């Protein structure tokens with residue numbers, strides 16, 4: 001089933017991306033935001049979580065020692081992405097969404113790369129609080 005934008009996810013909802021690799025955070029030495037590569041998955045489907053629904057203790061078990069990048073659903077949409085719920089693809093983790101980009105046939109990768117740059121520049125590093133760990 002293809003993913004489509006879910007309008008029930010409000011623009012102010014914070015989405016977090018697990019920054020699995022050092023290159024997914026910028027700057028690498030002392031990260032302040034996700035890098036554009038964090039939102040540039042080869043199939044256009046970036047796995048994220050709704051921050052206030054994510055179970056960070058389970059994420060930490062699955063991805064030990066990683067950071068999280070944060071953007072809002074509105075920032076993702078403004079950059080050209082769609083936000084779609086994907087509870088089935090989360091292996092039991094709650095609040096999973098796909099922040100996806102429909103890669104156009106003409107200049108597709110260049111447009112996708114620019115969208116990833118726009119989105120990452122508005123992002124931040126997310127630190128889970130005691131209440132949502």
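Applying the set (1) touching a strand residue (DSSP E or B) at 6+ places or on another chain (Cβ under 9 Å); (2) more than 28 Å from residue 110 (Cα to Cα); (3) touching a residue at least 24 places away in the same chain (Cβ under 8 Å); (4) not in a loop (DSSP other than H, G, I, E, B) to residue 84 leaves exactly one unmet item: (2).
Looking only at residues of the range 89-105 that are in a loop (DSSP other than H, G, I, E, B) and loosely packed, with under 14 Cβ neighbours inside 10 Å, we find that the one that is farthest from the chain's Cα centre (by Cα) is 105. Here are 62, 58, 28: which of them is more than 18 Å from residue 118 (Cβ to Cβ) and touching a strand residue (DSSP E or B) at 6+ places or on another chain (Cβ under 9 Å)? Matching residue, one of 62, 58, 28: 62. Inspect all residues belonging to the range 34-54 and state whether any of them is assigned to a strand (DSSP E or B), modelled with pLDDT of 90 or more, buried (at least 16 other Cβ atoms within 10 Å of the Cβ) and over 14 Å from the mean Cα position of the chain (by Cα). Within the range 34-54 (the criterion being assigned to a strand (DSSP E or B), modelled with pLDDT of 90 or more, buried (at least 16 other Cβ atoms within 10 Å of the Cβ) and over 14 Å from the mean Cα position of the chain (by Cα)), the answer is no, since none of the residues qualifies.
Put simply, of 77, 67, 17 the only residue that is more than 14 Å from residue 125 (Cβ to Cβ) and crowded, with 16+ Cβ neighbours inside 10 Å is 77. Screening residue 17 on (1) in a loop (DSSP other than H, G, I, E, B); (2) modelled with pLDDT of 95 or more shows it passes everything except condition (1).
The values are calculated or read from the model by the stated rules, or taken from the named source; none is laboratory data. Since we're looking at a predicted model, the values are computed, not measured. Neighbour counts run over all protein chains shown; Cβ positions are idealised from the backbone, glycine included.
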